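A.B. asks: Handing you this structure, nothing more for now.
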Amino acid sequence: MLGPDIVSASARVPAVQLEMRNLWVQTPVAQQLGLRDGQIVQAVAEVHDQRVRLWLKDFSFELPNGWVLKDGDKPFLRVSNNNGGWGFLIQAYPNGQAPAGAQSAGGLGLPNPSALNGSWQAAHNTNLGLLLTQPSGFESFSRLLERMSVTSWGGQNDVADLLRRLLQQRISMAQINPMSLKRVVSSQARSLENQLAGGSASVDDPKSLIRQILGKLEEETVEGVNKEDRRELETAARELESAQAQSAQKWLNGELSLHVVLPFIDHEPVDLHFKKPPRHPNQEEPPLTVDIHSRSRMLGEIWLNTTISQGTGVDLVMWALRGEVADLARQRATELGLELGAAGLTLQSFQIFNAARPLVRAGEASGTRGSVIDTQA
């Protein structure tokens, strides 16, 4: 379970995929760099043609597979010197130590970090830090569901039930309703671990189902899971877990920031970002904002920003790349206002632009692949 105290204790670090093994360097190089055992150094990553090189002063090292960095990232590394030679090990924090807040894990039903093996603790802290820095998005998860629905992927009988339950996470665009939306959002916003810890009845959450599928495939396949399948499963689970961790961190500060994806049976997936700033003393209730980003094959790319204030007031801003889609939205604006009124809401404003959403605002939504705004509904 990603508890609030554990999440808040994780510092923001470059989005690096950790491998718990040293990157070895030759002794003459270590001496020229002036390295000392236990020293923490900061490097600069250079990415070219999908190959990653790490620079320390005037020296550089090409990294092995498993270290995933973006160009310009500056990871912290701990220097180690033993009988095997000199090496670097990535760190979650500049001083290699978790903040004091991480010690409260025991109150959340997690083992006390001080009682854990040092290498496990470093990996655990680093993993949380990486989850908090991973860009939002559900490309791998959406691709995984699409692949499972059209092929006999993972056809072992013992895995069939888990696959069926994962595909049931999809909903129908033609039959969408508040209950189906609530089910999908809840399954991603609250993990199975959190449900069990809270004593509530558990429902399938896609992250746990993916982890179980990967485990079953490992158990039941003599030759193991091939690299591509493993990477797809692990990346999909990580996307979902990262969204949960980032939401928990924001919640600690009284802020709502929840990214979820709505996978559809009969349409492209929908990404939603729910946002609500913290409420300060003597302030009115802040507005709730929902951002949607769409790359619909039928309507083209669309962004929609919905702001709900005072519980009933609705302000909409829409950006559409296709001129005919923007025109259609303008034609239906009056009808939309009437439909919202019937639901007890007031459409205060509706701005429509035949353009891409400005980057300064798109960054707020951390927009990713695929969502749908059905202006013809």
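A.B. asks: Let me spell it out: the conditions are (1) modelled with pLDDT of 90 or more; (2) more than 20 Å from the chain's Cα centre (by Cα), and VAL261 meets all of them except one. Which number is the exception?
C.D. replies: (2)
A.B. asks: May I pose another question? Taking region 258-295 as the region of interest, how many residues are free of Cβ contacts under 8 Å to residues at least 60 places away in the same chain, among the charged types (D, E, K, R) and not in a strand (DSSP E or B)?
C.D. replies: Selection size over region 258-295: 3.
A.B. asks: ASP271 - would you say it is in contact with a Phe, Trp or Tyr (Cβ under 8 Å, 6 or more places away or on another chain) and within 30 Å of ARG297 (Cα to Cα)?
C.D. replies: Values: in contact with a Phe, Trp or Tyr (Cβ under 8 Å, 6 or more places away or on another chain): yes; within 30 Å of ARG297 (Cα to Cα): yes.
Here the answer is yes, as ASP271 does meet what is asked.
A.B. asks: Do we find a residue being at pLDDT below 50 and among the hydrophobic types (A, V, I, L, M, F, W, C) anywhere in region 48-59?
C.D. replies: Taking region 48-59 first, the residues at pLDDT below 50 are none.
Looking through region 48-59, none of the residues is at pLDDT below 50 and among the hydrophobic types (A, V, I, L, M, F, W, C).
A.B. asks: Which pairs have Cβ atoms under 8 Å, sit 6 or more apart or on different chains, and link a residue in region 35-63 that is free of Cβ contacts under 8 Å to residues at least 12 places away in the same chain to one that is of a type in the set (Ser, Thr, Tyr) and in a strand (DSSP E or B)?
C.D. replies: ARG53/SER60
A.B. asks: Any chance region 278-286 includes a residue that's touching a strand residue (DSSP E or B) at 6+ places or on another chain (Cβ under 8 Å) and under 23 Å from ILE352 (Cβ atoms)?
C.D. replies: Checked region 278-286: no residue is touching a strand residue (DSSP E or B) at 6+ places or on another chain (Cβ under 8 Å) and under 23 Å from ILE352 (Cβ atoms).
A.B. asks: Exactly one of (1) under 23 Å from LEU256 (Cα atoms); (2) part of a strand (DSSP E or B); (3) of a type outside the set (Val, Ile, Thr) is unmet by GLU301. Its number?
C.D. replies: For GLU301, the failing item is (1).
The values are calculated or read from the model by the stated rules, or taken from the named source; none is laboratory data. These numbers were taken from a predicted model, which means no experiment stands behind them. FYI the Cβ positions are ideal-geometry reconstructions off the backbone, even for glycines, and counts take in every protein chain you see.
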